[in-house]
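Every number in this text was worked out from the coordinates using simple rules, so none of it is lab data. It should be emphasised that the depicted structure is a prediction, and the values quoted were computed from it without experimental measurement. Neighbour counts run over all protein chains shown; Cβ positions are idealised from the backbone, glycine included.
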Amino acid sequence: MFKPLHIIVLNGGLGNQMSQYALFYSKKALGHNVAILLHPQIGQKHNGYLLDTLFFVERPLSGFLEALATILFRSLAIRKYPLLGSASRLLLSLFFCNIIFESDDYSFHPTVLKRSRLGITFFFGGWHSEKYFLHASNHLYKLFSNLKPNAASLLESFLDSTNASSGVGLHIRRGDYMKNHDLSKFGSVCKKSYFINALSVVQRQFPGRPVFIITDDPEWAKNNLDFSPFIVLAPAVPKGYDWLHLYLLSSCQGIVMSNSTFSWWAAWLAERHEALIYRPRFFISTSSTPDIYPSRWRIIDDDPMG
């Protein structure tokens, strides 16, 4: 008898992929029959599929199964043409093929962790809440901390060139956040005042410690922040090696996040050595996101008096 199959679609940058894989492992730990499918466009943005380069992860679907799953996923995920998408999903549901989309506000839904009774169910979204994997958090920490030998060697050399383990990391995400529809949704959350206030907070909390600015827009940082002898830009990395900055962040004693899954995972990993985590109040400007940030992380507002 065919066992119900859950397929987690991997897409986006490294932070997204880590969240999606966390859901995959979480469901596997619960005894679900689960597989990974790479989104057909995963290589067209950011740095492509990175998990198998860095970590000892399970392989995604390949060959005939990948081709079949991709056809089904494309048919279920149609959104540009709502009527066509609805009709396609209705038709495929008759053959027990369904899709679950993550909600726009990244809310945690316990039903995502339930076992399907029949057929194939695709899961398409970021799944950015640790509530999806709390029962598997110890394994995931080990998985994402145990880099493959080549990556581990590169990271060791990179960290040896800094003193990050005694300092603070501040992440500034701009890049694609400053373009098109992402500007109003994501790019307007962490404003200049947020980072100025954050620097004031961490300099009081960590007096005399180096603060490493990690950003995809160093010119903006130079022009908008007041650099002191203790505030420096993190060493640059080649294109495709941004993950080194994630692990530099995760090695710090304090982390100031942007509204980004990149610094979310750095912060989550850093908690194991009791780093202090500071985060913005919001993740997106268009709605509240009560499940994306753990409540234990400290909030910094744009307004110094907030």
State the label only: which of (1) 21.3; (2) 16.6; (3) 15.5 corresponds to mean projected area of the Cα convex hull in nm² computed from the shown model? (2)
Between SER86 and HIS109, Cβ-based FRET efficiency (R0 25 Å, step 0.05) works out to 0.75
In order over region 239-248: 3J(HN,Hα) from phi, Karplus 6.51/-1.76/1.60, θ = phi - 60°, whole Hz, x for each Gly or Pro, gives 4, x, 10, 4, 4, 4, 5, 4, 7, 5
For LEU276, list long-range residues whose amide hydrogen, built 1.01 Å from N in the peptide plane, is under 5 Å from its own amide hydrogen. GLY254, ILE255
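For the peptides 103-116, 81-94, what is the packing order when you average, over each peptide's residues, the other Cβ atoms within 10 Å and list the highest mean first?
103-116, 81-94
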Put a dot 7 Å past each Cα toward the Cβ at PHE230 and ARG79; how far apart are the dots in nm? 4.3
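Lysine pairs in region 5-134 with Cα distance under 26 Å, only those 8 or more apart or on different chains: how many are there? Could you put the intermediate results ahead of the total?
Details: LYS27/LYS114; LYS27/LYS131; LYS28/LYS114; LYS28/LYS131; LYS45/LYS80; LYS114/LYS131.
Lysine pair count for region 5-134: 6.
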Degrees, to the nearest 10: 63-76 long Cα axis against longest axis of the chain: 90
Could you list which residues have their amide H under 5 Å from that of LEU38, counting only those 5 or more apart in sequence or on another chain, with H placed in the peptide plane? LEU10, LEU61
Provide the packing ranking of 163-173, 233-243, i.e. peptides ordered by the mean count of other C-beta atoms within 10 Å per residue, highest first. 163-173, 233-243
Alpha-carbon Debye profile of region 5-134, log10 I(q)/I(0) at 0.12, 0.15, 0.16, 0.20 Å⁻¹: -0.44, -0.70, -0.81, -1.30
Any chance you could give the angle, 0 to 90 degrees and rounded to 10, that helix 14-29 forms with the longest Cα principal axis of the chain? 50
Once phi is turned into ³J(HN,Hα) by the Karplus curve 6.51 cos²θ - 1.76 cosθ + 1.60 with θ = phi - 60°, what whole-Hz value does each residue of region 290-295 show in order, with x for glycine and proline? x, 9, 7, 9, x, 5
From the backbone phi of region 215-221, what are the Karplus-calculated ³J(HN,Hα) couplings (6.51 cos²θ - 1.76 cosθ + 1.60, θ = phi - 60°) in whole Hz, Gly and Pro given as x? 8, 8, 9, x, 5, 4, 4
Inter-centroid distance (Cα atoms) of region 210-245 relative to region 30-81, Å: 32
Summing -39500 (n - 2.57) over the DSSP H runs of n ≥ 4 in the chain and dividing by its residue number, what mean residue ellipticity at 222 nm do you reach, to the nearest 500 deg cm²/dmol? -10500 deg cm²/dmol
Can you pull the one-decimal nm distance between simple spin-label points at ARG281 and GLU58, each 7 Å off the Cα toward Cβ? 4.2
Under the rule of at least 5 residues apart or a separate chain, name every residue whose amide H is placed under 5 Å from the amide H of ILE99. PHE122
By a straight-distance test (C-alpha under 18 Å), which lysines pair with LYS191 as possible cross-link partners, with residues fewer than eight away in the same chain excluded? LYS179, LYS222
Where N is the number of residues in region 241-306, Cα Rg divided by 2.2 N^0.38 Å: 1.11
What translational diffusion coefficient, in µm²/s and rounded to a whole number, does the Stokes-Einstein relation yield for region 149-300 at 37 °C and a viscosity of 0.692 mPa s, taking the hydrodynamic radius as the Kirkwood radius over Cα pairs? 210
Quick check: the angle from helix 149-160's long axis to the longest principal axis of the chain, C-alpha only, nearest 10 degrees? 20
